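Data block below; observations after.
The values are calculated or read from the model by the stated rules, or taken from the named source; none is laboratory data. This is a predicted model, so every value here is computed, not measured. Positions of Cβ are generated from backbone atoms using ideal geometry, with glycine treated the same way; all protein chains shown enter the neighbour counts. Quick note on the areas: whole protein, heavy atoms, side chains included, nothing else; ligands and nucleic acids left out. Shrake-Rupley method; radii C 1.70, N 1.55, O 1.52, S 1.80 Å.
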Amino acid sequence: MKRNEMMENCMNFQTSVELPAGMPSVSHADHILLMGSCFAENIGRQLMDAGFQLDLNPFGILYNPLSVSSALREIIRNKEYNKQDLFAYKDLWHSPMHHGSFSAFTPEETLHTVNSRLHHAHKKLPELNWLMVTMGTAYVYKQKESGQVVANCHQLPESHFLRYRLSVEEIVEDYTALITEMSALNPDLKWLFTVSPIRHIRDGMHANQLSKSTLLLAIDRLQQLFPERVFYFPSYEIILDELRDYRFYADDMLHPSPLAIRYLWERFSETFFSLETKQVIVAVQGIRRDLAHKPFHPESEAYQRFLGQIVLKIERLIGKYPYLDFQKETELCHMRLNP
């Protein structure tokens, strides 16, 4: 045996994370709601690009477990926000329950965005198959005046808030009640929890580890309480153990790089997607890639035939999987076919 072959057989330069076995599959027929930290945004964008039916962060990015659970309860109640729920600061109107992307120059603009997203999420609740929650930190900011745990401080002075770390028991008690409530509304709903690998280093690396450990222990307890309903995907462990190298991080050395996100997507696909689902993803991405092609001569007969072939591919795919949404792609094809 050659030396190189011996090294390949004997040496492994990566610590592999064991993926959970026997997980329920995720398919394009499923309706998915994703909530939580910016890591939920990363996976959500991948699912969206792959043609899945989903609602991504109807409150914007949320970092702590209590903000996510509060947002979900407001979705259940179909809360209607009004001006009294907002506050003005630095020329913008904000909701303490929402990410800054919802803030606007007038309360009417903020309320329109907040309420339209919330009501849409409420409408979809009965048909949800998966609720995917990414927890980022166990630290919360409680507003001193109202006693409310806020989702976003919107750059208000820190003196307005009390900051502390949730306990495992607080998280488990809160989510036990929430999962039970949502199960009564939707008995088939499955929960997938992940912990964001993005490190929160404000209090130092040790405090970050304590925070992440709190989240991991709480999710583990919930899995024990709801073994048929609650699942966990080890995104945190995959980034920290399989990709244990700073070349897999962005310039801030805290957020995963695009390469790391793609790798994590591959591991997610291994865990949740059937062969058929993977084939549908390839077909969806192929159609979108073809449409992204910019021709030198868009009026040419060759390009018109090319567009006609894309329309046929879409029709065949929808004929087999009628729940796929190609409305935008179809409209774009017809617009280019009839300039």
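Out of GLU181, GLU169, which single residue is open to solvent by 60 Å² or more (accessible area, probe 1.4 Å), acidic (Asp, Glu), touching a residue at least 40 places away in the same chain (Cβ under 8 Å) and more than 24 Å from ILE198 (Cβ to Cβ)?
Residue meeting the stated conditions: GLU181.
Counting just the residues of the stretch 32-43 that are modelled with pLDDT of 95 or more and not β-branched (Val, Ile, Thr), which one comes out surrounded by the fewest Cβ atoms within 10 Å (Cβ to Cβ)?
The residue in question is LEU33.
So, in the stretch 117-148, how many residues would count as being closer than 21 Å to ASN78 by Cβ and either in contact with a Lys or Arg (Cβ under 6 Å, 6 or more places away or on another chain) or part of a loop (DSSP other than H, G, I, E, B) (or both)?
Adding up the residues that qualify gives 4.
Hey, does the stretch 174-190 have a residue that's over 21 Å from VAL17 (Cα atoms) and in a strand (DSSP E or B)?
yes
Given HIS334, HIS297, which one is open to solvent by 80 Å² or more (accessible area, probe 1.4 Å) and touching a helix residue (DSSP H, G or I) at 6+ places or on another chain (Cβ under 7 Å)?
When all the criteria are applied, what remains is HIS297.
Step by step: first the residues of the stretch 311-329, then only those that are part of a loop (DSSP other than H, G, I, E, B) and not hydrophobic (A, V, I, L, M, F, W, C), then the one that is surrounded by the fewest Cβ atoms within 10 Å (Cβ to Cβ). Which residue is that?
PRO322
Scan the stretch 285-310 for residues that are assigned to a loop (DSSP other than H, G, I, E, B) and among the hydrophobic types (A, V, I, L, M, F, W, C) and jot them down.
PHE296
Test ILE287 against the criterion of being over 30 Å from SER69 (Cβ atoms), of a type outside the set (D, E, K, R), crowded, with 16+ Cβ neighbours inside 10 Å and free of Cβ contacts under 8 Å to residues at least 40 places away in the same chain, and give yes or no.
It is false that ILE287 is over 30 Å from SER69 (Cβ atoms), of a type outside the set (D, E, K, R), crowded, with 16+ Cβ neighbours inside 10 Å and free of Cβ contacts under 8 Å to residues at least 40 places away in the same chain.
Would you pick out the residues in the stretch 209-237 that are open to solvent by 40 Å² or more (accessible area, probe 1.4 Å) and in a helix (DSSP H, G or I)?
GLN209, LEU210, SER213, LEU216, LEU217, ASP220, ARG221, GLN223, GLN224, LEU225, GLU237
List, please: which pairs have Cβ atoms under 9 Å, are six or more places apart or on different chains, and start with a residue in the stretch 237-257 that is at positive phi and end with one that is exposed (fewer than 14 other Cβ atoms within 10 Å of the Cβ)?
Close Cβ pairs (under 9 Å, with a partner that is exposed (fewer than 14 other Cβ atoms within 10 Å of the Cβ)) amount to MET253/TYR246.
Got at least one residue in the stretch 274-291 being among the hydroxyl-bearing types (Ser, Thr, Tyr) and at pLDDT 95 or above?
yes
Condition first: crowded, with 18+ Cβ neighbours inside 10 Å, among the aliphatic types (A, V, I, L, M) and either out of contact with any Leu (no Cβ under 9 Å at 6 or more places or on another chain) or outside any loop (DSSP other than H, G, I, E, B) (or both). Now tell me which residues in the stretch 238-251 satisfy that.
Selection gives ILE238, ILE239.
Just checking, how many residues over the stretch 109-131 are closer than 10 Å to PRO58 by Cα and of a type in the set (S, T, N, Q)?
Residues that pass the stated criteria total 3.
Out of all the residues in the stretch 130-159, which are out of contact with any Leu (no Cβ under 7 Å at 6 or more places or on another chain), surrounded by 14 or more Cβ atoms within 10 Å (Cβ to Cβ) and not β-branched (Val, Ile, Thr)?
GLY136, TYR139, TYR141, GLN143, GLN148, ASN152, CYS153, HIS154, LEU156
Any residue that is outside any helix (DSSP H, G or I), under 30 Å from GLY319 (Cβ atoms) and either open to solvent by less than 80 Å² (accessible area, probe 1.4 Å) or of a type outside the set (Phe, Trp, Tyr) (or both) - is there at least one of those in the stretch 252-261?
No, the stretch 252-261 contains no residue that is outside any helix (DSSP H, G or I), under 30 Å from GLY319 (Cβ atoms) and either open to solvent by less than 80 Å² (accessible area, probe 1.4 Å) or of a type outside the set (Phe, Trp, Tyr) (or both).
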